[in-house]
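Structure, as structure tokens:
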């Protein structure tokens, strides 16, 4: 923490000024981690697929027939939305890394734009995580009221990849939320100094 002291007897006070270099590296680190996590989440779900033989009973008196069943991320619109949102967040994180490093002069207009885009990214990521988690929960538990059977007992690997992608993306969205909170705190400090 750098301190700036103003002399001239009572005319000034000691003011704590946040080390701008450490704030810049914190911003860079959080953005880079958010970039990596959203990229990994999109890839983990984007490559997830599983094929299993499922016994189907056509006639009660005959033995079941094994039919191949496929689980792929693009079969569910919520998973497609999740992958697209994470890809958008990843691309934005890369772009914001460049913009925030270019904004060393701390132009207020660009800073506010980055904060607003960070906030929009948080909302997108949380909506994608929520949609994927809702569908994942139905796949895990089923829904007896509408006769939707659980599928994670058949497609365990696929469901594991979905759960991992959701968790990774959730951490990425929390990092974007931290970026927004730190930026707001920084603006609040600037306003009161």
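Counting the residues of the stretch 86-100 that are modelled with pLDDT of 95 or more and either buried (at least 16 other Cβ atoms within 10 Å of the Cβ) or touching a helix residue (DSSP H, G or I) at 6+ places or on another chain (Cβ under 6 Å) (or both) gives 8. Screening residue 182 against (1) closer than 30 Å to residue 112 by Cβ; (2) free of Cβ contacts under 8 Å to residues at least 60 places away in the same chain leaves a single unmet condition, (2).
In this entry, residue 140 is excluded by the filter for residues that are closer than 19 Å to residue 31 by Cα, surrounded by fewer than 21 Cβ atoms within 10 Å (Cβ to Cβ) and modelled with pLDDT of 90 or more. Taken together, 116, 125 contain a single residue that is part of a helix (DSSP H, G or I), without any contact (Cβ under 8 Å) to a residue 60 or more places away in the chain and over 22 Å from residue 70 (Cβ atoms), which is 116.
Is it fair to say residue 103 is modelled with pLDDT under 90, closer than 19 Å to residue 119 by Cβ and either loosely packed, with under 14 Cβ neighbours inside 10 Å or more than 22 Å from the chain's Cα centre (by Cα) (or both)? Criteria met by residue 103. Of the residues making up the stretch 131-152, those that are in a loop (DSSP other than H, G, I, E, B) and touching a helix residue (DSSP H, G or I) at 6+ places or on another chain (Cβ under 9 Å) are 150, 151, 152. Within the stretch 58-113, the only residue that satisfies the criterion of being in contact (Cβ under 8 Å) with a residue 60 or more places away in the chain and assigned to a loop (DSSP other than H, G, I, E, B) is 104. Please tell me if residue 41 is free of Cβ contacts under 8 Å to residues at least 60 places away in the same chain and either buried (at least 19 other Cβ atoms within 10 Å of the Cβ) or under 28 Å from residue 136 (Cα atoms) (or both). When the stated conditions are applied, residue 41 does not pass them. Of the residues making up the stretch 147-166, those that are exposed (fewer than 15 other Cβ atoms within 10 Å of the Cβ) and under 29 Å from residue 35 (Cα atoms) number 3.
To keep it simple, each residue is scored yes or no on (1) surrounded by 14 or more Cβ atoms within 10 Å (Cβ to Cβ); (2) on the phi < 0 side of the Ramachandran plot; (3) under 12 Å from the mean Cα position of the chain (by Cα); (4) modelled with pLDDT of 90 or more.
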{"site": "57", "(1), (2), (3), (4)": "no, yes, no, no"}
{"site": "75", "(1), (2), (3), (4)": "no, yes, no, yes"}
{"site": "112", "(1), (2), (3), (4)": "no, yes, no, no"}
{"site": "135", "(1), (2), (3), (4)": "yes, yes, no, yes"}
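The values are calculated or read from the model by the stated rules, or taken from the named source; none is laboratory data. The structure presented is a predicted model; accordingly, all values stated were derived computationally and were not measured. So basically every Cβ, Gly included, is an ideal-geometry build from the backbone, and we count neighbours across all protein chains shown.
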